[in-house]
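**Student:** Here's a structure for you.
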Amino acid sequence: MDIRALAMGLAFAFIWASAFSSGRIIVGAAPPLTALCLRFLVSGLIGIGIALALGQSWRLTRPQWRGTLVFGLSQNALYLGLNYVAMQTLEASMAAIVASTMPLLVALFGWMALGQRLRPLGALGLAVGFAGVAVIMGSRISGGVDPLGLGLTLAAVLALTVATLAVRTAASGGNLLMIVGLQMLVGAAALALAAVLTGERWEIDWSWPLILAFAYTVVFPSLVATWVWFLLVRRVGAVRAATFHFLSPFFGVGIAAFLLGERLGPADIAGVAIVMAGILAVQLSKQGPAVAPAKGRDGS
């Protein structure tokens, strides 16, 4: 993996993890589904506008359209929608930790349900990773974590696995920024419907932290992180790109502690370190010999 791919992976992991803290600020002052819908609407329109200015086309291939729809519904609507609702009562650090277990769940599902071969390093990584989750869960549950919020985040991470499987199709070919913008609009439409059906009330406690958190989330987690992720997948492949998820627990817990003042006890620190080791082992076990990827039209 070259220096550029490493920088892209680190940037993605940091921005992706930071979205839990900015999201926690937003849902503390605004209705979650409506706020998320507006976030994706603004991000999608900006992304499509920039894509058109760069000469990118609406004309996607059928696999690209399918991947864009699945990605928009599973990640933006289901995964983030469930997490935003959960973070009304659940700490951002806890949501980030649960979400970061996605590589472990993908490997476990592939082994148990699809008959995929699991190397010894991968099996060890699964055991270690879930042990780390158990350490954190035990500490947080004894401290009074909201069971409904925790259940919603668990459902959300299952939706994220679907989005991860769809990203390879969506990322193939050109028009990357257009795809990013379109999948944002897909998520916005689904969330608008969900907000109407659930009768979400429009009550906003306006403040500078809310405005800054919303602006940051629109630009960085919505547009920049998704665009960087697609470029990273094209550059090194989905398996190697997913390796960077092992940093998400560290970044997620650290940012939440620094920005929101969320508690960080010895069990949390130990559990995060164990989860990181497990995720890294699982991802490394999947890697084969490095193959130089073909460069895209944008030189990436």
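The values are calculated or read from the model by the stated rules, or taken from the named source; none is laboratory data. Quick caveat: nothing in here was measured; it's all calculated off a predicted structure. In this analysis, Cβ positions are derived from the backbone assuming ideal geometry, glycine residues included, and neighbour counts consider all displayed protein chains.
**Student:** For region 195-219, name all the residues that are within 30 Å of residue 11 (Cα to Cα) and part of a helix (DSSP H, G or I).
**Tutor:** Within region 195-219, 208, 209, 210, 211, 212, 213, 214, 215, 216, 217, 218, 219 meet the criteria.
**Student:** Ok, one more. Consider only pairs whose beta carbons are under 6 Å apart and that are at least six residues apart or on different chains; among these, list those whose first residue lies in region 118-142 and is hydroxyl-bearing (Ser, Thr, Tyr) and whose second residue is at pLDDT 85 or above.
**Tutor:** Matching pairs, first to second residue: 139/267.
**Student:** Let me ask something additional. Only one residue in 39, 59 is of a type in the set (Lys, Arg) and assigned to a helix (DSSP H, G or I), so which one is that?
**Tutor:** Just one listed residue meets the conditions, 39.
**Student:** Taking the stated definitions as given, is residue 259 at pLDDT 90 or above, under 30 Å from residue 3 (Cα atoms) and either more than 15 Å from the chain's Cα centre (by Cα) or part of a loop (DSSP other than H, G, I, E, B) (or both)?
**Tutor:** When the stated conditions are applied, residue 259 passes them.
**Student:** Ok, one more. May I ask you to verify whether residue 124 is in contact with a helix residue (DSSP H, G or I) (Cβ under 7 Å, 6 or more places away or on another chain), in a helix (DSSP H, G or I) and surrounded by 19 or more Cβ atoms within 10 Å (Cβ to Cβ)?
**Tutor:** No.
**Student:** May I ask you to verify whether residue 229 is of a type outside the set (Ser, Thr, Tyr) and either farther than 20 Å from residue 21 by Cα or touching a Cys at 6+ places or on another chain (Cβ under 6 Å) (or both)?
**Tutor:** No: the conditions fail for residue 229.
**Student:** Scan region 205-224 residue by residue and report those that are of a type outside the set (A, V, I, L, M, F, W, C) and either under 16 Å from the mean Cα position of the chain (by Cα) or surrounded by 13 or more Cβ atoms within 10 Å (Cβ to Cβ) (or both).
**Tutor:** Once the filter is applied, which keeps residues that are of a type outside the set (A, V, I, L, M, F, W, C) and either under 16 Å from the mean Cα position of the chain (by Cα) or surrounded by 13 or more Cβ atoms within 10 Å (Cβ to Cβ) (or both), region 205-224 yields 209, 216, 217, 221, 222.
**Student:** Assuming residue 109 fulfils every condition listed in (1) without any contact (Cβ under 8 Å) to a residue 24 or more places away in the chain; (2) exposed (fewer than 14 other Cβ atoms within 10 Å of the Cβ); (3) within 22 Å of the chain's Cα centre (by Cα) apart from one, which condition is it?
**Tutor:** Single failed check for residue 109: (1).
**Student:** Are any residues in region 83-97 in a helix (DSSP H, G or I), surrounded by 24 or more Cβ atoms within 10 Å (Cβ to Cβ) and aliphatic (A, V, I, L, M), and if so, which ones?
**Tutor:** 86, 92, 94, 95, 96, 97
**Student:** Please work out which residue is farthest from residue 254 (Cα to Cα), limiting yourself to region 1-59 and to residues that are surrounded by fewer than 19 Cβ atoms within 10 Å (Cβ to Cβ) and among the β-branched types (Val, Ile, Thr).
**Tutor:** Of everything passing the filter in region 1-59, 50 is farthest from residue 254 (Cα to Cα).
**Student:** Let me ask you something else. Scan region 40-59 residue by residue and report those that are modelled with pLDDT under 90 and either within 24 Å of the chain's Cα centre (by Cα) or aromatic (Phe, Trp, Tyr) (or both).
**Tutor:** 58
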